[in-house]
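A short reminder: the numbers here are calculations on the coordinates, not readings from a lab. None of the values given here were measured: they were computed from a predicted structure. Here the Cβ positions follow ideal geometry from the backbone for every residue, glycine too, while neighbour counts run over all protein chains shown.
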Amino acid sequence: MAAEAFGNDEETAIESRLFGMTQFLALQLAAWFTYGAMHYAASLPAIKANERGIIAVANVVRAVTGLGVTSALFFLLELGRDRQRVRLGVVAAVGALAAALTWMFVDRVLLVTVALLLSWTIPWERFPHGVDLDYVFVIIGWTAVYLG
């Protein structure tokens, strides 16, 4: 009887974990859709009418790459969850900074690739030059919310 109870507890834990991951995925999709839409809406006053298409594509690429990078970061942080709090903090800090730089690189490579495929010219003067701190702030914020 104790073995059956243990098995049920284990099944319940797995079901709970899967439910939590499903909720996390739904939240991820909603958050990144909102991020892309808000980022685009915020850029509208600063862009010309003929740039709206490429800027919309740039924001879709940014949201999709952000979703991908934070999904990978999720699994990294899950691996560190059972560790000591200090170790998890180090993993989170290093992981967040690495994820932010990876996101910036992947985002720009994918944006250039998509623009080349569509034969569109990217209005680079509309983008921050150097390291765009938006990536860093968003990933640090995402990590803080996840760990909170």
- [ ] At 0.36 nm per residue, minus the direct Cα-Cα distance, what do ILE140 and ARG87 gain on full extension? Give it in nm, one decimal, please.
- [x] 17.4 nm
TODO: Evaluate the distance, in nm, between pseudo-label points positioned 7 Å from the Cα of MET38 and of ALA56 along their respective Cα→Cβ axes.
DONE: 2.1 nm
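Under the definition of Cα pairs under 8 Å and six or more residues apart, what whole-number percent is the relative contact order of the range 88-148?
57 percent
Normalised by the residues of the range 45-113, what does the relative contact order come to in percent, with Cα pairs under 8 Å and at least six apart? Walk me through the numbers before you get to the answer.
Working: 26 pairs, mean separation 30.2, N = 69.
RCO, the range 45-113: 44 percent.
Local charge sum around SER16 (other residues, Cβ-Cβ under 13 Å, Lys/Arg +1, Asp/Glu -1)? Intermediate results must be reported in sequence, preceding the final value.
On the way: positive: ARG17; negative: ASP9, GLU10, GLU11, GLU15.
Neighbourhood net charge equals -3.
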TODO: Round to the nearest 10 and give me the degree value, 0 to 90, for the angle of helix 85-118's Cα axis relative to the longest principal axis of the chain.
DONE: 40 degrees
TODO: Please work out the C-alpha center-to-center distance from the range 54-74 to the range 134-148 and express it in whole Å.
DONE: 14 Å
Open item on the list: Using only Cα atoms and rounding to the nearest 10 degrees, what angle (0 to 90) does helix 133-147 make with the longest principal axis of the chain?
Closed with: 20 degrees
Task: Spherically averaged projected area of the chain from its Cα convex hull (nm²) - done: 11.0 nm²
Task: Over the chain, relative contact order from alpha-carbon pairs under 8 Å, at least 6 apart, % - done: 24 percent
Open item on the list: Students often check this: by mean Cβ neighbours within 10 Å, which of 61-67, 119-125 ranks highest, and how do the rest follow?
Closed with: 61-67, 119-125
